[in-house]
Amino acid sequence: MKTITNYVHDLIKHQPFLEDALYRDIINFSSLAKELQPKIEEMMRKPVKEGSIVMALRRYLPRNLEMNSSFKGFGDIVFRSNITDYTFVNSNTLVKNQAKLLTDIKDNYGAYFTYASNYQESSIIVSSTLKPVVEEYFKDETCICIKDDLSSLSIELPKKSSDIIGLYFYLFKLLAYEGIPVFEIISTSNYFTIFLEKEYANKAFILMNEIKSF
């Protein structure tokens with residue numbers, strides 16, 4: 001049977017911003033206990049004393065999610081603008097049309113093209129100058145979404161980035177703190193690319209450059 005401590009700890013684990021604040025010791029336990037009390041009582045289906053929640057909070061050992069030393073391993077940041085993102089429902093002809101598009105633009109060295117797919121849908125992200133070509137080849141496909149005026153930031157990841165726990169969480173936390181929404185994400189072994197609406201691009205670029213010097 002779960003105790004008050006179990007429920008409190010479960011709630012904190014699912015709120016990484018809160019856990020980070022606890023690690024920094026910048027949260028008043030009494031105030032946090034008052035905020036958590038209604039949820040804990042709902043989960044336990046009985047009244048719970050505020051003091052019991054405070055005791056559970058004091059027993060919690062937040063994880064150290066500081067990543068500052070890892071940021072020193074970040075490499076160059078490549079900025080691109082005028083990008084369009086298409087999302088299509090997967091079909092038997094989608095890959096064939098993608099191959100036609102690649103053949104058409106293979107000698108266009110200034111053009112940007114990337115592709116991401118899951119079991120249900122696929123995204124084709126291109127320079128906006130390629131819109132007429134994309135819309136010709138994919139005119140018979142089911143298009144879910146078209147997003148224009150995007151910018152991208154491609155960041156070279158530190159060596160052995162896959163061994164760094166919390167790396168992506170820390171990046172997204174910084175973006176969230178600055179009020180920067182991310183429209184699309186694509187990553188490979190050595191690079192991480194975020195796609196943003198152009199109004200947020202410069203702010204994100206400055207932020208990513210700043211954290212490299214921490």
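Things worth noting here:
- Counting charges near S123 (Lys, Arg +1; Asp, Glu -1) among other residues having Cβ under 10 Å from its Cβ returns a value of -2.
- With the convex hull constructed from alpha-carbon coordinates only, the chain shows a mean projected area of 15.8 nm² over all directions.
- Helix axis angle, 4-13 relative to the chain longest principal axis, alpha carbon, degrees: 30
- Segment 4-59, relative contact order in percent, only Cα pairs under 8 angstrom and at least six apart counted: 50
- Computed FRET value (nearest 0.05) for L11 with I185, which takes r as the C-beta separation and R₀ as 30 Å: 0.65
- When you restrict to C-alpha pairs under 8 Å that are six or more residues apart and normalise by the size of the chain, the relative contact order lands at 22 percent.
- Additional length obtainable on full extension of the chain from K160 to L102, 0.36 nm per residue less Cα span: 17.8 nm
- Counting Lys and Arg as +1 and Asp and Glu as -1 over every other residue whose Cβ lies under 14 Å from the Cβ of E41, the net charge comes to +3.
- Karplus-derived 3J(HN,Hα), 6.51/-1.76/1.60, for each residue of segment 28-42, Hz, glycine and proline x: 7, 4, 5, 5, 5, 4, 4, 5, 7, 3, x, 5, 5, 5, 5
- Phi-derived couplings, Karplus 6.51 cos²θ - 1.76 cosθ + 1.60 at θ = phi - 60°, listed residue by residue for segment 143-158: 8, 8, 7, 10, 10, 9, 6, 9, 10, 10, 10, 9, 10, 6, 7, x Hz, with x used for Gly and Pro.
- Tilt relative to the chain, helix 94-105 - C-alpha long axis, 0 to 90 degrees, to 10: 60
- Rough spin-label spacing in nm, given labels placed 7 Å along Cα→Cβ, for Y119 and K39: 3.0
- Angle between the chain longest axis and helix 50-59 axis [Cα atoms, degrees, rounded to 10]: 60
- Applied to segment 113-129, the Karplus parametrisation 6.51 cos²θ - 1.76 cosθ + 1.60 on θ = phi - 60° returns per-residue 3J(HN,Hα) values of 8, 8, 9, 9, 8, 10, 6, 10, 8, 9, 10, 10, 10, 9, 4, 4, 5 Hz, with x for Gly and Pro.
- Placed amide H near F183: partners under 5 Å, 5+ positions off or other chain: F195, L196, E197
Just so you know, all these numbers are worked out from the coordinates, no wet-lab data involved. All figures in this text were calculated on a predicted structure; none of them were measured in a lab. Don't worry about glycine lacking a Cβ; one is built from the backbone with ideal geometry, like all the others, and counts go over all protein chains shown.
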